[in-house]
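Heads up: the structure comes next, in structure tokens.
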Amino acid sequence: DGRLTFFPGNQTVDLPSINFMKRHGTVFLNAYTNSPICCPSRAAMWSGLFTHLTESWNNFKGLDPDYVTWMDLMERHGYRAQKFGKLDFTSGHHSVSNRVEAWTRDVDFLLRQEGRPMVKLTGHKKHVRVMEKDWWNTDKAVNWIKEEAVNLTQPFILYLGLNLPHPYPSPYAGENFGSSTFLTSPYWLEKVNYEAIKIPKWSSLSEMHPVDYYSSYTKNCTGEFTKEEVRNIRAFYYAMCAETDAMLGEILSALRDTGLLGKTIILFTADHGELAMEHRQFYKMSMYEGSSHVPLVVMGPGVREQQQIPNVVSLVDIYPTMLDIARIPVPQNLSGYSLIPLLREKAESQASPRGPRPSWVLSEFHGCNVNSSMYMLRAGKWKYITYSDGSSVPPQLFDLTADPDELTNVAITFPVTVLSLDKVLRSIVNYPKVSSSVQEYNKQQFISWKQSLGHNYSSVIANLRWHQDWLKDQKKYENAIDKWL
């Protein structure tokens, strides 16, 4: 959650490495994902293109494996390139369940798709390495810096992708049952300031926006939760962020120990945030701040120190920024704009032949846990969210200055603002047409999958993540699918 990198969010947990980067570099106060889920977000980051252009509609449909990323271009221009850890931009980690949930989101039924969010404490007060796989990848990156990077005569680019602070799989609910366990050790939990944890306000279920209700239900969050449960989920999430921060610290230390810190640009970001029980949801797949607002902190030669940048930026900006750093000509067809002018306070006009950076960012989502394609435009104090064809589902408008917790949808109060933001959005993307393409894609994928199973398909569905619901009234749900098809 990007809000943890600046005040007041950073009061909840001790993040010394992020704070070090902020002291010696620049923090972006309004950085967003272009799609709040792993694979589509990473596809945007590696390609510099919006989701409707990459057509990365869900967690297993990403870029073509031979797509030329910014890292590939840097390698062609003489950089030594190295990747460790989670990549997930051609296809994410997913089960058959994930796929079927994404394809059938247009079906008129409600089925729980996730385990109920819960916390789990492991180890003891000295247990540091909870997410062992991430630590293993961090160790590999540290060793590479100390053994390889330090001896290079050419410049290098190193990418380290971590799983944390993503929740862990929840085996108690069956192997397919998603990742709804917030797991940490007492060591990390001690870094969290319980007093500073805000308990989010929830609307009553009947007052929720229809898409929010669907998301809350499929994420198994419509039941009763005590304040203590909610506070714990948030605390454990923050503790997981503290463990992530420590991995960043290992990289910074390795660069310092090798004398490379002063001549290396370091960029820290995320593919999406975590709602951690805000708006009666956990996970991502939402345009609310907890899910769509990502961290972006940059330090290194030529980057201004202790700078906070309020401009809206997004992950598609990383592609042109990387090329700019390497002095490689930036392709003109990108959705993003280089961050270098903001980092170095150059005049925008001399920065890009395409003209100044737009005053808005776009995020869109077409995957599971949401029963409609959604599009978010962030411009100034406004966040505008519209769905599907722009008319069958009511839009949302939030004034983030007056209502940072996004509790009051003011779309009806400000029809002129809605109209003007919708006009801007339609000038960027013909979103009713994109929504309809996604619906067609979902149907075709489901039909192919159903045909591959023969008559057996309902019993296969019955054993996916929503099997408990499905088995209660199999005929009803089968009919709903037939009606949709």
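The values are calculated or read from the model by the stated rules, or taken from the named source; none is laboratory data. What you see is a predicted model, and the numbers here were worked out from it, not measured in a lab. We place every Cβ from the backbone using ideal geometry, glycine too, and count neighbours over all the protein chains shown. Please note that ligands, DNA and RNA were not included when accessible areas were found on the heavy atoms of the full protein model with its side chains. Shrake-Rupley method; radii C 1.70, N 1.55, O 1.52, S 1.80 Å.
Near the amide H of R80, under 5 Å away, which other amide H atoms are found, from residues 5 or more places off or on another chain, if H is placed in the peptide plane?
Under 5 Å from the amide H of R80 lie the amide H atoms of F156, I157, each far enough along the sequence or on another chain.
Among S170, C241, L343, whose Cα sits farthest toward the positive end of the charge dipole of the chain (+1 at Cβ of Lys/Arg, -1 at Cβ of Asp/Glu, about the Cα centre)?
Result: L343.
With the radius of gyration and the Kirkwood radius both derived from the Cα set of segment 246-383, what is their ratio Rg to Rh?
Expressed as Rg/Rh, it is 1.00.
To the nearest 20 debye, what charge dipole does segment 16-360 have about its Cα centre, counting +1 at the Cβ of each Lys and Arg and -1 at the Cβ of each Asp and Glu?
Details: 36 positive and 36 negative charges, 129 e Å.
The calculated dipole for segment 16-360 is roughly 620 debye.
Skipping prolines and chain starts, which residues have an amide H placed within reach, meaning under 5 Å, of the one on S185, given they are 5 or more residues away or on another chain?
Counting only residues 5 or more places away or on other chains, the set is T122.
Run down the lysines and flag those whose C-alpha is under 20 Å from the C-alpha of K83, throwing out any fewer than 8 positions away in its chain.
Counting by Cα, and skipping residues close in sequence, K83 has these lysines nearby: K133, K140, K146, K263.
Could you state the accessible area per residue of segment 1-98 in Å², with a 1.4 Å probe and every protein chain left in place?
Details: 3440 Å² over 98 residues.
Result: 35 Å² per residue.
Give a residue-ordered list of calculated ³J(HN,Hα) values for segment 63-79 (Karplus: 6.51 cos²θ - 1.76 cosθ + 1.60, θ = phi - 60°; whole Hz; x for Gly, Pro).
Using θ = phi - 60°, the values come out as 6, 4, x, 9, 4, 7, 8, 4, 5, 4, 5, 5, 5, 5, 9, x, 7 Hz.
Quick one: the Cα spread of segment 201-321 along its three principal axes, in angstroms, biggest first?
Taking the Cα atoms of segment 201-321, the three principal extents are 57, 30, 22 Å.
Counting only C-alpha contacts under 8 Å and six or more residues apart, can you give the relative contact order of the chain as a whole percent?
Details: 927 pairs, mean separation 116.4, N = 485.
About 24 percent, as a whole number.
Once amide H atoms are built 1.01 Å from N in the peptide plane, which residues 5 or more positions from G25, or in another chain, come under 5 Å H to H?
Under 5 Å from the amide H of G25: Q306, Q307.
May I ask what percent, to the nearest 5, of DSSP beta bridges between residues of segment 16-360 are antiparallel?
Taking every DSSP beta bridge within segment 16-360, about 40 percent pair in antiparallel fashion.
Working out 0.36 nm times the residue gap between A326 and Y194, then minus their Cα-Cα distance, what length gain in nm do you get to one decimal? Intermediate values should be presented prior to the final figure.
Values: separation 132, 0.36 × 132 = 47.52 nm, distance 4.32 nm.
43.2 nm is the gain from fully extending A326 to Y194.
GluC sites (Glu not before Pro) within segment 98-162: which are DSSP loop residues with at most 15 other Cβ atoms inside 10 Å?
On the way: sites: E101, E114, E132, E147, E148; in loops: E114, E148.
Loop-located and lightly packed - E148.
How long are the semi-axes of the ellipsoid equivalent to the chain, from square roots of 5 times the Cα gyration tensor eigenvalues, in whole Å, largest first?
With the √(5λ) rule applied to the chain, the semi-axes are 35, 27, 23 Å.
Given the rule -39500 (n - 2.57) for each run of at least 4 DSSP H residues, summed and divided by the residues of the chain, what is its mean residue ellipticity at 222 nm, to the nearest 500 deg cm²/dmol? Write out the running numbers ahead of the final one.
Details: 18 runs with 177 residues, N = 485.
Roughly -10500 deg cm²/dmol at 222 nm, from the helical runs in the chain.
Through the Karplus equation 6.51 cos²θ - 1.76 cosθ + 1.60, θ set to phi - 60°, convert the phi angles of segment 282-287 into ³J(HN,Hα) values in whole Hz; use x for Gly and Pro.
With the stated coefficients, segment 282-287 comes to 10, 6, 10, 6, 8, 8 Hz.
Report the Cα centroid-to-centroid distance between segment 318-391 and segment 107-143 in angstrom, as an integer.
Centre-to-centre distance over Cα atoms comes out at 30 Å.
Could you work out what % of the accessible surface of the chain is carbon and sulfur, using a 1.4 angstrom probe and leaving DNA, RNA and ligands out of the count? If you can, show how the numbers build up before the last one.
Details: 10430 of 20420 Å².
Roughly 51 percent of what the probe reaches on the chain is carbon or sulfur.
Once the Cα atoms of segment 443-484 are picked out, what are the Rg and Dmax in Å?
Cα only, segment 443-484: 10.2, 27 Å (Rg, Dmax).
Could you give the DSSP H helices of the chain that reach 15 angstrom or more along their long axis (alpha carbon positions) and whose average Kyte-Doolittle hydropathy is no lower than -0.5? The partial results should precede the final answer.
Numbers: long enough: 132-147 (22 Å, -1.60); 227-257 (45 Å, -0.12); 415-428 (20 Å, 0.91); 431-453 (33 Å, -0.97); 474-484 (16 Å, -1.96).
Helices meeting the criterion: 227-257, 415-428.
How large is log10 I(q)/I(0) at q = 0.13, 0.17 Å⁻¹ when the Debye formula is applied to the Cα atoms of segment 397-479, each weighted equally and without solvent?
One equal scatterer on each Cα of segment 397-479 leads to -0.74, -0.82.
For segment 290-304, in order, what is each residue's ³J(HN,Hα) by Karplus, 6.51 cos²θ - 1.76 cosθ + 1.60 with θ = phi - 60°, in whole Hz (x at glycine and Pro)?
Here the 3J(HN,Hα) series is x, 8, 9, 8, 10, x, 8, 10, 10, 9, x, x, x, 8, 5 Hz.
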